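Heads up: the structure comes next, in structure tokens.
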Amino acid sequence: MTLKAYNQVPMPSFMYGTAWKKEATTQLVELAVASGFKAIDTANQLIHYQEALVGEALQALEKQGIKRDTLFLQTKFTSVDGQDHRTPYDASADLTTQVRQSFDSSLNHLNTEYVDSYVLHGPHQRRGLGEADWEVWTAMEGLYQSGKTKMIGISNITAGQLTELCEQATIKPMVVQNRCFAVLGWDKEVREICQPNGIIYQGFSLLTANRAVLADREIRTIAQRLATGPAQVIFRFAMQIGMLPLTGTTSQQHMKEDLQAEQLALSTEEIQRIETIAM
Ligand SMILES: NC(=O)c1ccc[n+]([C@@H]2O[C@H](COP(=O)([O-])OP(=O)(O)OC[C@H]3O[C@@H](n4cnc5c(N)ncnc54)[C@H](OP(=O)(O)O)[C@@H]3O)[C@@H](O)[C@H]2O)c1
């Protein structure tokens, strides 16, 4: 299954996330692809991600005959605030230069000439978009126009900021990646901006941000009906409401189980119930 943003670039409907995998990143990315994942999410941010080890996994996969262009690669630009001393660009340079240097460093880490999606890790401020955000976004638009990334996107964004970006950017984001809380109607406000704008909404921490939902009796009953687990019910729910879920599992068993969510079907009543389950 694939999703398409407004620029018609296809994106696999489930993504493997590589945060916090440390030195296991190489092995886990290989395992994820062998299990069936076609899309990989990383970031050029050593505090949480090992982008270069994703690149090592891609090289190993290439040797096994899995070509780069059969995979969807997404990475991120992280501003100085989200980095430690190992900033992958000259932190004293202007923001446009920082974005270009970080992007080139990502291409180098990933052993590739292009990425499928390049995401701004988050705005510099909690409310609204400031001058720094616009400079970074303009630099990202430039990368999109150069063809070196097929999509651009933004993460950790509020509904207000996304509205501002959609209204004022030369090129609207094709992707939004947010932590998805059931108590916020699964980020309903942001999803409702994405949908009419043809932006693919990627939800992360669907399991870790919603532990009470996973333990909920109704979710367990649905899981029983489908002969599956609560995690798969949540992933399937995400897919059926048009969201692209990420999983960050470290277990091959869970990778396989999570992918099986694509084969499940929730009823309209079950979808409606889960939408408001924590509200
Ligand atoms: N843009 C951002 O700021 C940002 C922030 C955070 C994350 N992300 C992205 O989102 C990705 C996913 O985030 P996440 O790790 O929080 O996701 P998650 O999938 O909600 O959480 C992973 C946890 O769920 C467990 N799990 C996965 N599948 C399971 C299953 N079938 N049954 C039971 N437990 C299961 C895993 O345990 P096991 O390992 O034992 O399976 C692991 O402890 C990250 O890797 C990263 O790429 C982005």
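Could you check which residue among 64, 45, 125 shows the biggest mean-square fluctuation in a GNM of the chain with a 10 Å Cα cutoff?
64
Does the stretch 98-235 classify as rounded, prolate or oblate by the C-alpha gyration tensor (a ≥ b ≥ c root eigenvalues; a/c under 1.5 gives rounded; else a/b over b/c gives prolate, otherwise oblate)? Spell out each step's value before the answer.
Details: a/c = 2.60, a/b = 1.76, b/c = 1.48.
The shape class here is prolate.
On a 1.4 Å probe surface of the protein chains, which of 73, 207 comes out largest in accessible area, and what is the full order?
Working: 73 5, 207 45 Å².
Result of the area sort, largest leading: 207, 73.
So what's the net charge close to residue 243: Lys and Arg +1, Asp and Glu -1, counting the other residues with Cβ under 9 Å from its Cβ? Write out the running numbers ahead of the final one.
Working: positive: 191; negative: 187.
Taking every other residue near residue 243 into account, the sum is 0.
Need one word for the stretch 1-73: rounded, prolate or oblate. Basis is the Cα gyration tensor (sqrt eigenvalues a ≥ b ≥ c); a/c below 1.5 gives rounded, then a/b vs b/c decides. Please report the intermediate quantities before stating the final value.
Working: a/c = 2.01, a/b = 1.34, b/c = 1.50.
In terms of gyration-tensor shape, oblate.
Within the set of other residues whose C-beta is less than 15 Å from the C-beta of residue 87, count the net charge using Lys and Arg as +1 and Asp and Glu as -1. Can you show the working numbers first?
On the way: positive: 76, 86, 100; negative: 51, 81, 84, 90, 94, 104.
Within the 15 Å Cβ shell, the charges total -3.
Can you give me the accessible area per residue for the stretch 168-279, using a 1.4 Å probe, in Å²? Walk me through the intermediate numbers first.
On the way: 5210 Å² over 112 residues.
Normalised by residue count, the accessible surface of the stretch 168-279 is 47 Å².
Once each part is reduced to its C-alpha centroid, what is the distance from the stretch 126-142 to the stretch 233-276 in angstrom?
Using only Cα atoms, the two centres lie 33 Å from each other.
Using modelled backbone amide H atoms (1.01 Å from N, in-plane), which distant-in-sequence or interchain residues come within less than 5 Å of residue 39's amide H?
Hits under the 5 Å cutoff: 16, 72.
For a quick check of your reading of the filter: which chymotrypsin sites (Phe, Trp or Tyr not before Pro) in the stretch 138-196 sit in a DSSP loop and have no more than 14 other Cβ atoms within 10 Å?
Numbers: sites: 144, 181, 186; in loops: 181, 186.
Sites meeting the loop and neighbour criteria: none at all.
What does the charge count around residue 124 come to, taking other residues whose C-beta lies under 15 Å from its C-beta (Lys +1, Arg +1, Asp -1, Glu -1)? The partial results should precede the final answer.
Numbers: positive: 76, 126, 127; negative: 81, 94, 131, 133, 135, 164.
In short, -3.
Below 8 Å between Cα atoms, with a sequence gap of 6+, how large is the relative contact order for the stretch 188-279 in percent? Show your work: numbers first, answer last.
Numbers: 78 pairs, mean separation 27.5, N = 92.
After rounding, I find 30 percent.
Quick check on the chain: of the DSSP beta bridges with both residues there, what percent are antiparallel, nearest 5%? Before the final figure, lay out the partial values.
Numbers: 3 of 28 bridges.
Antiparallel bridges make up about 10 percent of those DSSP assigns within the chain.
Ignoring ligands, DNA and RNA, what percent of the 1.4 Å accessible area of the chain is carbon and sulfur? Walk me through the numbers on the way to the answer.
Values: 6140 of 12550 Å².
Carbon with sulfur: 49 percent of the solvent-accessible area.
For residue 4, which lysines qualify as cross-link partners when the Cα separation must be under 17 Å and same-chain residues fewer than eight apart are set aside?
Here the lysines satisfying the reach criterion relative to residue 4 are 38, 150, 172.
Tell me whether the chain comes out rounded, prolate or oblate; compute the Cα gyration tensor, take square roots of the eigenvalues as a ≥ b ≥ c, and use a/c under 1.5 as the rounded threshold. It would help to have the intermediate numbers written out before the result.
On the way: a/c = 1.84, a/b = 1.29, b/c = 1.43.
Verdict is oblate for the chain.
Of the trypsin sites (Lys or Arg not before Pro) in the stretch 106-204, which ones lie in a loop per DSSP and count no more than 10 other C-beta atoms within 10 Å? Show your work: numbers first, answer last.
Working: sites: 126, 127, 148, 150, 179, 188, 191; in loops: 126, 127, 148, 150.
Counting only loop positions with at most 10 other Cβ atoms within 10 Å, the trypsin sites (Lys or Arg not before Pro) in the stretch 106-204 are 126, 127.
For the stretch 74-91, just list the computed ³J(HN,Hα) in residue order, Karplus coefficients 6.51, -1.76 and 1.60, θ = phi - 60°, integers in Hz, with x standing in for Gly and Pro.
Result, rounded to whole Hz: 10, 9, 9, 9, 10, 6, 3, 4, x, 10, 9, 5, 8, 4, x, 7, 6, 5.
If you rank 136, 80 by how much accessible surface each has, with a 1.4 Å probe, what is the order from largest down?
Working: 136 0, 80 60 Å².
Accessible-area ranking of 136, 80, largest first: 80, 136.
The values are calculated or read from the model by the stated rules, or taken from the named source; none is laboratory data. These numbers come from a predicted model, not from an experiment. As a convention, Cβ positions derive from the backbone with ideal geometry for all residues, glycine included, and neighbour counts pool all protein chains shown. Note: accessible area is taken over every heavy atom of the protein model, side chains too, but ligands, DNA and RNA are not part of it. Shrake-Rupley method; radii C 1.70, N 1.55, O 1.52, S 1.80 Å.
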